[in-house]
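Worksheet for the structure shown next.
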Amino acid sequence: MAETMEKPPKVIESKEEEEEEEKSFEELGLDPRLIRALIKKGIDKPTPIQQVAIPLILEGKDVVARAKTGSGKTFAYLLPLLQKLFTDSGSKNKLAPSAFVLVPTRELSQQVYTEVSSLIELCRVQLKVVQLTSSMTASDLRAALVGPPNILVCTPACIPKCFSADVLQSASINSSLEILVLDEADLLLSYGYEDDIKAFTAHIPRRCQCLLMSATSSADVEKLKKLILHNPFILTLPEVGNIKDEVIPKNVQQFWISCSDRDKLLYILSLLKLDLVQKKVLVFTNTIDMGYRLKLFLEKFGIKSAVLNAELPQNSRLHILEEFNAGLFDYLIATDDSQTKEKEETNRESNAERRKSRKHAKQKLDSEFGVVRGIDFKNVHTVINFEMPESAAGYVHRIGRTGRAYSTGASVSLVSPDEMEIFEEIKSVLGNDENNDSNLISPFSLLSKNAVESLRYRAEDIAKSVTKVAVKEARFQDLKKEILNSEKLKAHFEVNPRDLDLLKHDKALSKKPPAPHLRDVPDYLLDPKTQEASKLVKLSRAAMGNNKSMRREGSRKKFRKSKDPLKTFSAEAPKRARKGGIKSEGKDGDDSHKHKKKKSI
Ligand SMILES: Nc1ncnc2c1ncn2[C@@H]1O[C@H](COP(=O)(O)OP(=O)(O)OP(=O)(O)O)[C@@H](O)[C@H]1O
């Protein structure tokens, strides 16, 4: 920790990307081994937050870094942290880890652990990182901390467990701890770790360098800042000072569709079946039942997806994330932690009841689970809000799963009349402003009414067949299967950590294969305008691929709204489509679509 006397904070604002004098990793003073490791990962230049944070952290300063989702905060602290440990001469005599990284969820802990391990491996240095979970026994904790390792990654709840098991002692932390990181700091307190963190502060030595990383600024971040840091450097991207536009990365285009609750299945079917959104797609629902209902519904049309929710065992969840990140399936339906009703039910149970049966406890929602917050889903091009989140912050974190680092992305929110209120709130928090593209949530123009209506009969028919009982049954079966698999997975992945193919999570829940007439949309149902839009989405996907190579060559060309077919094309208004430079083939009712080919997934 830095000086005890409060001084005014040193606020450093990173400049806009265009204006910024870009520095390379070399110029930031990064060790060549780390630079080589980054190149192997396809990373060749630092993001804005990395540009400012890395030199300060290398200098030993306390830092608060606030930068939007997907801006590369993890490497902003991990790279200098590792570099400092490369030269930590006294590490041999340590009794506890030199660096602690505290994160709010197990998923994040796993993610950071994997990232650190891979950097260590690529740099070929003798450093050891361990990850603890609060479900580990005292002997597991002891075994993990033997050595001791150089870096410890865990949730704050693990620290009191280590103290009570006497595998960490105040004196050993006091003599060893050099760097403390609070990652996703805006979430640590909301996940209920305040007491754990407060208790831990008493053991943090004065010399310890403290780093606090967060996507948003909030009262919780301020509280933590006061608790842990003194006179830190406050790093902030230009927008962060103003809550209105701090949050959504500029490279994410946001859209919305107004539809009734009842029509949501029909609309999502139209979006996916007619290829109007780019893959990979992350779909959010507010309840676990709705997640399964959607999966069952889509599967009848031959669209395979996997579900991810807090009820599934941890090993399965990690495996689903890894498979999705590795590109083994394109559609993931996630139920995030806004489903408070289910969570409340879990919380109401007394601890004694929870302890009653370990098997039973396994089936409860995991309070350390965070499907959205901070998880680095790789290459998600589209986020769909099948149901709107309950808060603007929830929206920001959901949308933040796409458009990570320098990649582009899009979001589509299906908004029912009941959800208009939260939608308006979200728009006002984001500062939905016609003059500011990055914050605008535009109507989704690629889907024509005709296209939706042509699928209505089939969608409604199938929706009726996905009954509450069918959903319950599917949820139960899936959970049972995942609990069984979870144990197998654990053993298997300890030996074969890279064997992702072992168990595909997007398998069909129902035994019957989808009917051929539902799998393939017949020609006469295809709307020509929407077909054209679908072609544009494919074109745009190809263009994004090109962008990638342009980026490698150092080009900073922006994906501008005016040139972006997704923004300019309208399936409803041919004039606007032409204005965007897209030649519209045929009018409504023309038969240019009556070709032989069927559209199939
Ligand atoms: N300099 C870089 N160039 C290209 N990609 C990068 C760079 N730095 C990090 N990334 C990649 O960007 C993605 C997002 O990074 P990261 O998870 O650190 O974001 P974040 O700011 O922590 O977001 P969140 O607040 O949502 O957790 C990761 O896949 C990471 O590998």
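Can you work out the Karplus-derived ³J(HN,Hα) for every residue in segment 275-286? Use 6.51 cos²θ - 1.76 cosθ + 1.60 with θ = phi - 60°, whole Hz, and x for glycine or proline.
These are the phi-based 3J(HN,Hα) values: 6, 9, 10, 7, 8, 7, 10, 10, 10, 10, 10, 8 Hz.
Once each part is reduced to its C-alpha centroid, what is the distance from segment 120-187 to segment 60-85 in angstrom?
19 Å
Normalise the Cα radius of gyration of segment 88-232 by 2.2 N^0.38 Å (N = residues in it) and let me know the number.
0.99
Ignoring any ligand, DNA or RNA, what whole percent of the accessible area of segment 38-188 comes from carbon and sulfur when the probe is 1.4 angstrom? Please report the intermediate quantities before stating the final value.
Values: 2610 of 5090 Å².
Roughly 51 percent, rounded to a whole number.
Here are some pairs, Lys68/Lys273; Lys264/Lys472; Lys40/Lys304; Lys41/Lys128; which of them have Cα atoms lying more than 27 Å apart in this structure?
As for pairs spanning more than 27 Å Cα to Cα, those are Lys68/Lys273; Lys40/Lys304.
Report the per residue volume, in Å³, of the convex hull enclosing the C-alpha atoms of segment 127-170.
65 Å³
For segment 77-84, take each phi angle, set θ = phi - 60°, evaluate the Karplus expression 6.51 cos²θ - 1.76 cosθ + 1.60, and give the result in whole Hz per residue in order, putting x for glycine and proline.
With the stated coefficients, segment 77-84 comes to 9, 5, 5, x, 4, 5, 4, 5 Hz.
Could you list which residues have their amide H under 5 Å from that of Thr285, counting only those 5 or more apart in sequence or on another chain, with H placed in the peptide plane?
Sorted by chain and number, the residues that satisfy this are Ala334, Thr335, Asp336.
Show me, for segment 250-262, the HN-Hα J-couplings you get by feeding each phi into the Karplus relation (A = 6.51, B = -1.76, C = 1.60, θ = phi - 60°), rounded to Hz, glycine and proline as x.
4, 7, 10, 9, 10, 10, 8, 10, 8, 7, 6, 3, 5
Please compute, over every Cα-Cα pair in segment 164-241, the percentage with a separation greater than 18 angstrom.
Tail of the P(r) past 18 Å holds 43 percent of the pairs.
The values are calculated or read from the model by the stated rules, or taken from the named source; none is laboratory data. Here the structure is a predicted model, which is why all the values come from computation and not from measurement. The accessibility values were calculated without ligands, DNA or RNA, using every heavy atom of the protein model including side chains. Shrake-Rupley method; radii C 1.70, N 1.55, O 1.52, S 1.80 Å.
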